[in-house]
1. Could you check segment 273-290 and list, in sequence order, the residues that are near the ligand (Cβ under 8 Å from one of its atoms) and either in a loop (DSSP other than H, G, I, E, B) or farther than 26 Å from Ala156 by Cα (or both)?
2. Across segment 192-221, which residue is farthest from Gly96 (Cα to Cα) among those that are in contact with a strand residue (DSSP E or B) (Cβ under 6 Å, 6 or more places away or on another chain) and near the ligand (Cβ under 9 Å from one of its atoms)?
3. Could you please tell me which pairs satisfy a Cβ distance under 6 Å, a separation of 6+ or placement on different chains, a first residue in segment 281-302 that is of a type outside the set (Asp, Glu), and a second residue that is open to solvent by 40 Å² or more (accessible area, probe 1.4 Å) and away from the ligand (no atom under 12 Å from the Cβ)?
4. Counting only residues that are within 11 Å of the ligand (Cβ to nearest atom) and in a helix (DSSP H, G or I), which one in segment 222-265 is least open to solvent (accessible area, probe 1.4 Å)?
5. Of all the residues that make up segment 80-129, how many are over 16 Å from the mean Cα position of the chain (by Cα) and either on the phi < 0 side of the Ramachandran plot or surrounded by 15 or more Cβ atoms within 10 Å (Cβ to Cβ) (or both)?
6. Going residue by residue through segment 133-149, is there one that turns out to be assigned to a helix (DSSP H, G or I) and basic (Lys, Arg)?
7. Would you pick out the residues in segment 266-318 that are open to solvent by 50 Å² or more (accessible area, probe 1.4 Å) and of a type in the set (Val, Ile, Thr)?
Amino acid sequence: MAEVLVYVDHVGGAVRKPTLELLTLARRIGEPVAVALGTGAADTAPALAEHGAVKVLTHDAPEYAEYLVVPKVDALQAAYGAVSPAAVLVPSSAEGKEIAARLALRIGSGIITDAIDLEAGDSGPVATQSVFAAAYSTRSRVSRGTPVITVKPNSAAVEPAPAAGAVEPLSVSFSAQATGTKITGRTPRESSGRPELTEAAIVVSGGRGVGGAENFAVVEALADSLGAAVGASRAAVDAGWYPHTNQVGQTGKHVSPQLYIANGISGAIQHRAGMQTSKTIVAVNKDPEAPIFDLVDYGVVGDLFDVVPQLTEEIRTR
Ligand code: FAD
């Protein structure tokens, strides 16, 4: 069976969920060979093996921490040379997309970004993308070289499938450009303790209907009762009620959770562009004509300040 390279996104050896989702998709098209780089790379092996990696190629060097993406591209290219895979899968983070694009250029391959599904095809893997503000789905495949595909978080279920997960060191020699850009400092963002917006299984969002920064406590309380991330419409962000890092939409983040709850959000096309692929959509809006109701699975016509606290209370008592 053909091997499929899977680039591992991890923090100090803890594998992030989008990589485990990639392993589910990789198994549809071949045998996953994972590539883990940097501090804790070898510690990723048990989780990767549990989710279907037949082999884990690891490499650690100070370059991965000190420099931006080029050292990682060098390593992924080394893994590509060592394995000759049928496809290369990378999580669709900002960094992942840059790594994938640089690798595709180097190996002369086509690239598909932001896939939301992947299946085996007669002439190579077929990727589904959501385009034009999620109004259409397209299916495409790479016709030149080895397909390099980035996949959005929450595109597949994490499915354990124990495999060998044999750990092998990867031999990497860094290119001349590897040290061209250096990280000179990092400012950690204050953590809310909530899941990362793009990876969360549940997102609870607030819009202009929330009416003020302090009122977002109502949205946050519902989010916390569900273990969810908090999102916001651009109107709420532009008003200064919630940080831009939490904006969902065309000029914000694209989310695709199992459950998206929109509170006081009208459903403008630019907002839909960032959340329309959510599996189940719920909206609370006091205007029965609000466009958001055209796309919901469940809609509640009502004042969010009546509805949301009751919902939070009900969830907490369960
Ligand atoms: P509104 O459209 O004002 O809707 C507020 C809703 O709250 C209304 O439906 C109202 O009935 C309801 N409401 C009011 N009070 C209550 C209450 N007490 N209880 C229940 N419901 C209540 N927008 C984004 O969100 N993300 C983007 O990334 C984005 N990018 C953009 C890019 C461009 C180039 C442009 C031009 C626009 C972009 N926008 C984006 C803006 C977008 O067009 C809308 O203006 C925005 O989404 C509206 O936000 P909203 O739904 O919160 O506000």
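1. As a first pass, look at segment 273-290 and keep what is near the ligand (Cβ under 8 Å from one of its atoms): 273-274, 284-287, 290.
Scanning segment 273-290 gives Val284, Asn285, Lys286, Asp287, Ala290.
2. Keep residues of segment 192-221 that are in contact with a strand residue (DSSP E or B) (Cβ under 6 Å, 6 or more places away or on another chain), which gives 194-195, 197-198, 200, 202-206, 216, 219-220.
If we keep only those that are near the ligand (Cβ under 9 Å from one of its atoms) too, we end up with 205-206.
Numbers: Ser205: 26, Gly206: 29 Å.
Taking the candidates together, the pick is Gly206.
3. Cβ pairs passing all conditions: Ile281/Asp297; Val282/Tyr298.
4. Step by step, filter segment 222-265, then rank; the result is Ala236.
5. Here is the first cut: in segment 80-129, the ones over 16 Å from the mean Cα position of the chain (by Cα) are 80-88, 101-111, 119-126.
When the remaining residues are screened for being either on the phi < 0 side of the Ramachandran plot or surrounded by 15 or more Cβ atoms within 10 Å (Cβ to Cβ) (or both), the result is 80-83, 85-88, 101-107, 109-111, 119-126.
The qualifying residues number 26.
6. We begin by selecting, within segment 133-149, every residue assigned to a helix (DSSP H, G or I); these are none.
Within segment 133-149, not a single residue is assigned to a helix (DSSP H, G or I) and basic (Lys, Arg).
7. Answer for segment 266-318, where residues must be open to solvent by 50 Å² or more (accessible area, probe 1.4 Å) and of a type in the set (Val, Ile, Thr): Ile269, Val300, Val301, Thr317.
The values are calculated or read from the model by the stated rules, or taken from the named source; none is laboratory data. Here the structure is a predicted model, which is why all the values come from computation and not from measurement. We place every Cβ from the backbone using ideal geometry, glycine too, and count neighbours over all the protein chains shown. Note: areas computed on protein heavy atoms with side chains; ligands, DNA, RNA excluded. Shrake-Rupley method; radii C 1.70, N 1.55, O 1.52, S 1.80 Å.
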